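A.B. asks: Dropping a structure here in structure tokens format, bear with me for questions.
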Amino acid sequence: MIPAALKRHDSLDLVRLDLVRLDLVRLDLVRLDLVRLDLGAFLFTIFTQETINILPTIILIYP
């Protein structure tokens, strides 16, 4: 027969594991935010490079 105090301790461990899982989910969300930031920076870099490349053409066409 298992004492009630041990059973309660096991359920606390399960809660602790659930909190660790929540932290892992939070870390995954942070990683997703970092991916979103990297993609944003990448697209911004491409956009500014293309704008810089096209700008002289626009100036020549529309004086």
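A.B. asks: Starting from region 34-49, keep only residues that are among the basic types (Lys, Arg), then list their pairs with residues that are modelled with pLDDT of 80 or more whose Cβ atoms are within a distance under 7 Å, requiring at least 6 positions of separation or different chains.
C.D. replies: Every condition considered, no pair remains.
A.B. asks: When only residues in region 1-48 that are among the hydrophobic types (A, V, I, L, M, F, W, C) and assigned to a loop (DSSP other than H, G, I, E, B) count, which is modelled with the highest pLDDT?
C.D. replies: ILE2
The values are calculated or read from the model by the stated rules, or taken from the named source; none is laboratory data. On a predicted model such as this, the values are computed, not experimentally measured, just so you know. No Cβ is skipped: glycine too gets one built from the backbone with ideal geometry, and neighbour counts run over all protein chains shown.
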